[in-house]
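To keep things clear, I will list the structure first and then write my remarks on it.
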Amino acid sequence: MLQTLIRRSSEAPRPGFNFETNPYKAKRIWPPDFSKLSPKHQFRLERRYRRRAKLAWARPRWTKAVKLAQWGSGIFVLTYGVLFMDWGREDTPFRSIRDWYKGVADSIWSHSQHFEPPPPSRQPQQPHSSN
């Protein structure tokens with residue numbers, strides 16, 4: 001690898017890009033002269049340009065992250081408002097939901113005071129032998 005770097009550094013630098021000597025010529029002149037195009041062809045080019053501009057500026061990861069952040073914050077605010085926010089009065093419209101949630105949370109995260117011992121196991125019966 002070091003030999004390759006040394007060899008490349010000793011080579012003469014490449015000349016800059018020149019449009020006149022480009023072996024890959026463009027098929028059409030861009031941008032086209034719109035005064036010479038038919039309205040139908042102008043519309044096609046405009047539609048193609050709009051589509052390509054949208055694709056160039058599309059940021060799917062960013063859009064997805066923003067959408068998830070918006071949904072997450074909205075759900076958090078709604079959940080907090082329904083279950084935990086103190087509205088300053090006793091008869092809130094969400095009292096039944098809060099009571100249900102408190103009952104479910106208490107039954108999951110608290111130790112039950114009621115303990116039943118397991119039933120006693122039966123002794124295996126001896127088969128009767130007939131003599």
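The values are calculated or read from the model by the stated rules, or taken from the named source; none is laboratory data. Source: prediction; values computed, not measured. Because the Cβ atoms are built from the backbone with ideal geometry, glycine has one as well, and the counts that use them run over all protein chains shown.
Under the condition of being modelled with pLDDT of 85 or more and more than 35 Å from the chain's Cα centre (by Cα), the residues counted in region 89-126 number 0. Exactly one residue out of Pro60, Pro13 is under 30 Å from the mean Cα position of the chain (by Cα) and surrounded by fewer than 10 Cβ atoms within 10 Å (Cβ to Cβ): that is Pro60.
Results for (1) among the basic types (Lys, Arg); (2) assigned to a loop (DSSP other than H, G, I, E, B); (3) in contact (Cβ under 8 Å) with a residue 40 or more places away in the chain, shown as yes or no for each residue.
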site: Thr4; (1), (2), (3): no, no, no
site: Arg8; (1), (2), (3): yes, no, no
site: Ala12; (1), (2), (3): no, yes, no
site: Asn18; (1), (2), (3): no, yes, no
site: Lys25; (1), (2), (3): yes, yes, no
site: Pro31; (1), (2), (3): no, yes, no
site: Gln42; (1), (2), (3): no, no, no
site: Glu46; (1), (2), (3): no, no, no
site: Arg50; (1), (2), (3): yes, no, no
